[in-house]
Amino acid sequence: MRIAELVTAIIIALSSIYLMWKSGEGPSWDPTAVRFANIGINVDNSGPGSGFWPFWLAAAMLVAAIAVMVNWHLRATPESRSEEVYLDSYGKRMLLTVCGGLIAFLILIRFIGFYGAIPLFLFYYIYFLGRHSLLAAIAISAAVPVFCFFFFDVAMRIVLPKGYLDPLFIPLYDIFL
C-alpha cells in the first residue's frame, strides 16, 4: 500500500506538470496580446485564454500530489504506514472488469459514437458491476445521453462523435439548431 501511494502521487504530479504545459498551447494564440491569458493574467482586457481552467486545475492537482508525497514521507496517514498488499485477487479482478468495460466503451465510441456507447457503458456499469435495479440502470442509461446531447450539441454547440449513428441526428439538428 505504501509504495502504491507514492507511485500514484508521482504519476499524478507528472500528469499535472504535463497538463499545465499543454494548457498553454491554444489553437490560435496572439503572442503579443494573449501571451499570459492562459494562466489567468489579463493582458489588454483580453480575458483568460482557453487554457485558464486546465492550467489552474492541474496546478491544484500538483499541489495535492505534493501533499500526498509529503504525508508519505512523514508517514502521517494510515496508508503511508501500511505494509499491506495494494490489490488482492478480488481487487485485481474488479480492476480488470472496470478497465475492460472502459476500453470497450472507448472502442465503441469510434463505431456507434458517444451517444450510442455511453448508454451501453452506463448500463454495464450500473446494472452488472453496481448491481443496482434494472429500472435504475435503464433510466440513467437513457437520461444521461439525452442530457449530454442537449447540453453539448444544442446548448454549447460542441459536437460529440456520432459514429455510424450520425444520420439519426440530422432530424434533431433540424429541430434544435
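The values are calculated or read from the model by the stated rules, or taken from the named source; none is laboratory data. Since we're looking at a predicted model, the values are computed, not measured. For neighbour counting, all protein chains shown are included, and Cβ atoms are generated from backbone atoms with ideal geometry for every residue, glycine included. To get the accessible areas, we keep the full protein, side chains included, count just its heavy atoms, and leave off ligands, DNA and RNA. Shrake-Rupley method; radii C 1.70, N 1.55, O 1.52, S 1.80 Å.
A few remarks follow.
- Within segment 84-97, residues that are open to solvent by less than 100 Å² (accessible area, probe 1.4 Å) have Cβ atoms under 9 Å from residues that are small (Gly, Ala, Ser) in these pairs: LEU87/ALA4, counting only partners at least 6 apart in sequence or on another chain.
- Looking only at segment 1-38, and only at residues there that are modelled with pLDDT under 55 and open to solvent by 40 Å² or more (accessible area, probe 1.4 Å), the one that is farthest from LEU87 (Cα to Cα): THR32
- SER82 meets each of the listed conditions (1) at pLDDT 95 or above; (2) closer than 30 Å to ILE10 by Cβ; (3) among the polar types (S, T, N, Q) apart from (1).
- Summed over segment 73-107, the residues that are touching a Leu at 6+ places or on another chain (Cβ under 9 Å), among the hydrophobic types (A, V, I, L, M, F, W, C) and farther than 10 Å from MET1 by Cα give a count of 5.
- Residue among LEU165, LEU134 that is over 23 Å from the mean Cα position of the chain (by Cα), more than 30 Å from MET1 (Cβ to Cβ) and open to solvent by 80 Å² or more (accessible area, probe 1.4 Å): LEU134
- PHE114, sole failed condition from (1) surrounded by 15 or more Cβ atoms within 10 Å (Cβ to Cβ); (2) out of contact with any helix residue (DSSP H, G or I) (no Cβ under 9 Å at 6 or more places or on another chain): (2)
- Within segment 98-111, the set of residues being within 18 Å of ASP166 (Cβ to Cβ) and surrounded by 16 or more Cβ atoms within 10 Å (Cβ to Cβ) comprises LEU108, ILE109.
- The lone exception for LEU160 - which of (1) modelled with pLDDT under 95; (2) open to solvent by 50 Å² or more (accessible area, probe 1.4 Å) it fails: (2)
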